[in-house]
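The structure under discussion appears below in the form of structure tokens.
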Amino acid sequence: MDKNSPIGVFDSGVGGSSIWQEIHKLLPFENSIYLADSKNAPYGNKSEAEITALSIKNTEKLLEQGCKIIVVACNTATTNAIETLRENYEIPIIGIEPAIKPAALQTNSKSIGILATKGTLSSALFSRTTQAFTKDISVVEIIGEGLVTLIEAGKLDSPEMISLLKKHTKPMIDANIDFLVLGCSHYPYLIPQLQKILPKNVKIIDSGEAVARQTKIVLQSLNLLREENIKPRLQFYTNVKTNTLRFLLKDYSESISVNKIEF
Ligand code: DGL
């Protein structure tokens, strides 16, 4: 493993590519390999044991490719499996968790909303974070039922999507939230749709930038950052059709490769 080894990123599907974009923005010369386990999406309704087994499978695949660090670009996999991954592998592993803390610190209305999967909202790691930072704040937790499946199908602007988003955000709007925390790496792709539905004063936050910053800090501390100004190799793999990944990453089509493989 050396500085030129790729950063390995995985998610239950296409959503973690929103996190990959933040990493690429901050570290544009890093090689990377992204795995979209769309065949097994959504992870959100699976048991902790199933999510852990899938996370191990994805990690092993990235290790086979010689990755120097693993980014678990999935809140559900992080909150259910990161402790097991860190116990089993020596390689640095970065996770993603809902940005509850910044929302709780900045809210004026003392009411925040969180949209995430069932797997994330029911995890022990999530309840520890929530309890630690939201003592005097009301937190409206909503499971984003149905959203990941529509995003995987590329149906971002479909009537089904808009009506699901209206249904999921209604209890939050009624509770006068001023922050909406996106606790699933698929959801940043819904920000334009959410902005049309939510009152103007509601700020939407996600954890993509924080994950990118943490990835940089860890690589720097291990002296594993790649030299600048050398074109990177950016590889994307999915175990279903490539079309949604290509659509979401259309701005990068000149510089990335997207392929279907078995894993
Ligand atoms: N993208 C994943 C997350 O951040 C989960 C989506 C799913 O597979 O349910 O939680």
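R0 = 35 Å: FRET efficiency of E48 with E227, Cβ-based, nearest 0.05?
Using R0 = 35 Å, I get an efficiency of 0.30.
Would you compute, for the Cα atoms of the chain, the largest minus smallest coordinate along each principal axis and list the three values in descending order, in whole Å?
51, 38, 38
Quick one: 3J(HN,Hα) in Hz for region 20-37, Karplus 6.51/-1.76/1.60 with θ = phi - 60°, rounded, Gly and Pro as x.
Listing the rounded values in order: 4, 4, 5, 5, 5, 5, 7, 10, x, 9, 6, 6, 8, 10, 10, 10, 9, 7 Hz.
Rounded to the nearest 5, what % of the DSSP beta bridges within region 59-214 are antiparallel ones?
Close to 0 percent.
Please report, as a whole percent, how much of the solvent-accessible surface of region 127-219 comes from carbon and sulfur atoms (probe radius 1.4 Å).
57 percent
Work out, step by step, the length gained on full extension between K196 and K118: first 0.36 nm times the residue separation, then minus their alpha carbon distance; give nm to one decimal.
Length gained, K196 through K118: 25.6 nm.
Taking trypsin sites (Lys or Arg not before Pro) as candidate sites, keep only those in a DSSP loop with at most 15 other Cβ atoms within 10 Å, then name the longest stretch of the chain containing none of them.
Here the longest segment lacking exposed loop sites spans 4-109.
For the cross-link pairs K110/K241; K135/K166; K101/K241; K3/K203, which exceed 32 Å when the distance is taken from alpha carbon to alpha carbon?
K110/K241; K101/K241; K3/K203
Cut-off 10 angstrom, C-alpha nodes, Gaussian network model of the chain. Which of E22, E64, E160 fluctuates the most?
E64
Taking every eigenvalue of the Cα gyration tensor of region 1-80, multiplying by 5 and rooting it, what semi-axes result, largest first, whole Å?
They are 22, 14, 9 Å, listed from largest to smallest.
Semi-axes of the equivalent ellipsoid for region 81-204, please: Cα gyration tensor eigenvalues, times 5, square-rooted, ordered largest first, whole Å.
The equivalent ellipsoid of region 81-204 has semi-axes of 25, 20, 11 Å.
If you build the convex hull over the alpha carbons only and average its shadow over all orientations, what do you get for region 128-178? Give it in nm² to one decimal.
With the hull built on Cα positions only, its mean projection is 4.5 nm².
Relative contact order for region 1-50: what is it in percent, counting Cα pairs under 8 Å that are at least 6 residues apart?
Relative CO of region 1-50 lands at 47 percent.
What number does region 127-263 give for Rg over Rh if you use C-alpha atoms and the Kirkwood radius?
1.03
Per residue of region 220-226, what does 6.51 cos²θ - 1.76 cosθ + 1.60 with θ = phi - 60° give for ³J(HN,Hα)? Whole Hz please, x for Gly and Pro, Karplus curve as stated.
4, 5, 9, 6, 10, 6, 6
Pop out the ³J(HN,Hα) list for region 192-204 in order, Karplus 6.51 cos²θ - 1.76 cosθ + 1.60 with θ = phi - 60°, rounded to Hz; leave Gly and Pro as x.
With coefficients 6.51, -1.76 and 1.60, one gets x, 5, 5, 4, 6, 8, 7, x, 4, 7, 7, 8, 9 Hz.
Mean residue ellipticity at 222 nm from the helices of the chain, using -39,500 (n - 2.57) per DSSP H segment of n ≥ 4 over the full residue count, to the nearest 500 deg cm²/dmol?
That comes out to -12500 deg cm²/dmol.
So if the hydrodynamic radius of region 72-122 is defined as the Kirkwood radius over C-alpha pairs, what does Stokes-Einstein give as its diffusion coefficient at 25 °C and 0.890 mPa s, in µm² per second?
Answer from the Stokes-Einstein relation: 197 µm²/s.
At a 1.4 Å probe, what is the % contribution of carbon and sulfur to the accessible area of region 54-126?
45 percent
For K250 and R86, compute 0.36 nm times the residue count separating them, minus their Cα-Cα distance, and round to one decimal in nm.
55.7 nm
Report the Cα centroid-to-centroid distance between region 61-91 and region 14-59 in angstrom, as an integer.
9 Å
Under a no-solvent Debye model with one identical scatterer per Cα of region 1-156, what's log10 I(q)/I(0) at q = 0.13 Å⁻¹?
Log10 of I(q)/I(0), two decimals: -0.63.
For region 185-262, what percent of Cα pairs sit more than 14 Å apart?
Counting pairs separated by more than 14 Å, the tail of P(r) holds 76 percent.
In square nanometres and to one decimal, what's the mean projected area of the convex hull around the Cα atoms of region 46-95?
Over all viewing directions, region 46-95 projects a mean Cα-hull area of 3.0 nm².
The values are calculated or read from the model by the stated rules, or taken from the named source; none is laboratory data. As the structure is a computational prediction, the values presented were derived from the model and not from experiment. Quick reminder, even Gly has a Cβ in these numbers, built from the backbone with ideal geometry, and neighbours come from all protein chains shown. These area figures cover heavy atoms from the full protein model, side chains too; ligands, DNA and RNA do not enter into them. Shrake-Rupley method; radii C 1.70, N 1.55, O 1.52, S 1.80 Å.
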